[in-house]
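Since the structure comes first, as structure tokens, the remarks are kept for the end.
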């Protein structure tokens, strides 16, 4: 058949110009038979030249998708069988079917078989297509090796980097080409070749490491295949790390154990157990958890995600709850001291969030004898005092806490802690005395070296005399003169740009309230949302045992309040804390506490000025402007003594000299 008739069968396959020329009677045109590479054959006594090569592309297969070939079902079955045998992908099966359809369209019009010369012109999968057509019985073997002379090919070589065999002439396989794009060149720590590396190893060494690490790794062959049939093409980087994690989790699950006392999860508690030492538990993270415990842990996890806990806080809380439920079960309530004990195992456990969650579910028993840090310090220092004074110290502390013979308002443990520290330091010098009733006035004056000790000692002796433990108060007539400190203004260069150094909106709002409106740090932390009236621009400052003070906010302060409320709602939309200023710890706390004054420590460090100095500078600045103590009292809510003190400092010429101080 003439070559024109073959081309006419599928005119949609373009033949590029200059690739070959047909035989022509024109002596000026070069004929095909003049090409020494083409070997003619004799058919029925006449010379016949082989069909010239054609250029076939993948898009040609897309153009003939609608053509029907009677041999296509047979080829599809053979392709599916080969895909299953070699464990190939679905994409390879679809590509092979396209190439088979293209080979059927490229065969001779009068031939039912496909020749190897036609398959050799395919753009991809030439080798596998020969085997597919051979199995289907549709392959026509080539009569000679003329095509090798017509199309000289370079010999197939192995990949230079991974040494795999793909049956192609490419120096690098496709996987190594992609590896080279995302890796830097260096010397491999295993094979010492200069290649693109990842974690210090080339791709070949990573694959060898993969075979030794993966539990379900493919069986390695002596010949490592690459290209389209590379079984490691997607199992060199991330899969290696994931396999290690899976194996670590599997080994960890094999080591998990049930606590010996939870043989029957439905068993009730026989008697109250003594205080547990949680640090004695071997590998608390390997305890098994029952299904009810897993459900409770899931509730905490969902609550943490709904309330936007940080990743570290959520993981610490879940870890703490797992240990508690795994060791104690879900049948009995959990003591608060057990939650604290698990939280003290390491910094990777959390106590506050877990205790609040268990309390909300009714699974927490609050210990009645819980001792705080300040109370524990007071008890420790009392035990360090001389034995003959300890009974008097206990009676004094009971009076301060409101437990004396006559009722009195209880004092905070933090204040008692400071008093006790000063008193115990003085009692160490009175060890020669049998009791505190032997203390004289001269000894009190000698011991009162500073104002703190002098404040603590009168409190001690007044309480002991009221409890009838001593007959006279040796500190009653002791008076110490203290110097009057004159407030000094802060230099203007230190105040300049202070608001820009504050940082976030919360710190800027707190700084404005303290520096402009002279609100104390403790009062800023205890401002309630109900104390703010944005419609009138007023803010109420609560003062225990005194009338509340009301301040009027300007536009700048109201804008800061608006920005902070917007940020608070965005970060903690489910927060029910009644205070204006909240932190990530108090916003979602079940007890809804106020923030501590330590929450503003970073603000003080950034601006480099003490908050008390800011407050005094504001008083002094207003006193210089007005010289009216009544205005200071109304504006800042201070006493008359404090107002006169700052006016006297700002305008000393308006006050007569006190004769006693002349």
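The values are calculated or read from the model by the stated rules, or taken from the named source; none is laboratory data. Quantities reported herein were computed from a predicted structural model and do not represent experimental measurements. Note: ideal-geometry Cβ built from the backbone for every residue, glycine included; neighbour counts use all protein chains shown.
Miscellaneous remarks
- Residues that are buried (at least 22 other Cβ atoms within 10 Å of the Cβ) and either under 24 Å from residue 584 (Cβ atoms) or in contact (Cβ under 8 Å) with a residue 24 or more places away in the chain (or both), drawn from the range 328-337: 334
- Scanning the range 90-123 for residues that are touching a residue at least 40 places away in the same chain (Cβ under 8 Å), part of a helix (DSSP H, G or I) and more than 19 Å from residue 78 (Cα to Cα) yields a count of 2.
- The selection criterion, being over 30 Å from residue 390 (Cβ atoms) and surrounded by 14 or more Cβ atoms within 10 Å (Cβ to Cβ), does not hold for residue 491.
- Condition check for residue 509: part of a strand (DSSP E or B) and at pLDDT 90 or above: no
- Condition check for residue 556: over 30 Å from residue 353 (Cα atoms), crowded, with 19+ Cβ neighbours inside 10 Å and at pLDDT 90 or above: no
- Which listed residue, of 603, 588, 574, is touching a helix residue (DSSP H, G or I) at 6+ places or on another chain (Cβ under 7 Å), in contact (Cβ under 8 Å) with a residue 60 or more places away in the chain and surrounded by 13 or more Cβ atoms within 10 Å (Cβ to Cβ): 603
For every residue, the table says whether it meets (1) touching a residue at least 60 places away in the same chain (Cβ under 8 Å); (2) crowded, with 17+ Cβ neighbours inside 10 Å; (3) in the same structural domain as residue 359 (by TED's automatic domain parsing); (4) touching a strand residue (DSSP E or B) at 6+ places or on another chain (Cβ under 8 Å).
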position: 284; (1), (2), (3), (4): yes, yes, yes, no
position: 292; (1), (2), (3), (4): no, no, yes, no
position: 301; (1), (2), (3), (4): no, no, yes, no
position: 309; (1), (2), (3), (4): yes, yes, yes, no
position: 316; (1), (2), (3), (4): no, yes, yes, no
position: 322; (1), (2), (3), (4): no, yes, yes, yes
position: 326; (1), (2), (3), (4): yes, yes, yes, yes
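- Residue in the range 262-281 that is nearest to residue 335 (Cα to Cα), counting only those that are surrounded by 10 or more Cβ atoms within 10 Å (Cβ to Cβ) and at pLDDT 70 or above: 276
- Taken as a whole, the condition of being more than 23 Å from residue 592 (Cα to Cα) and free of Cβ contacts under 8 Å to residues at least 24 places away in the same chain applies to residue 538.
- Filter pass, residue 356 being on the phi < 0 side of the Ramachandran plot, assigned to a helix (DSSP H, G or I), in contact (Cβ under 8 Å) with a residue 60 or more places away in the chain and surrounded by fewer than 20 Cβ atoms within 10 Å (Cβ to Cβ): yes
Condition check ((1) within 22 Å of residue 544 (Cβ to Cβ); (2) outside any helix (DSSP H, G or I); (3) touching a residue at least 24 places away in the same chain (Cβ under 8 Å); (4) touching a helix residue (DSSP H, G or I) at 6+ places or on another chain (Cβ under 9 Å)) across all residues:
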site	(1), (2), (3), (4)
399	yes, no, yes, yes
406	yes, yes, yes, yes
411	yes, yes, no, yes
414	yes, no, yes, yes
420	no, no, yes, yes
424	no, no, yes, yes
461	no, no, yes, yes
465	no, no, no, no
469	no, yes, yes, yes
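- Hey, residue 537 surrounded by fewer than 17 Cβ atoms within 10 Å (Cβ to Cβ) and at pLDDT 85 or above or not: yes
- The conditions of being over 20 Å from residue 344 (Cβ atoms) and modelled with pLDDT of 80 or more are met by residue 309.
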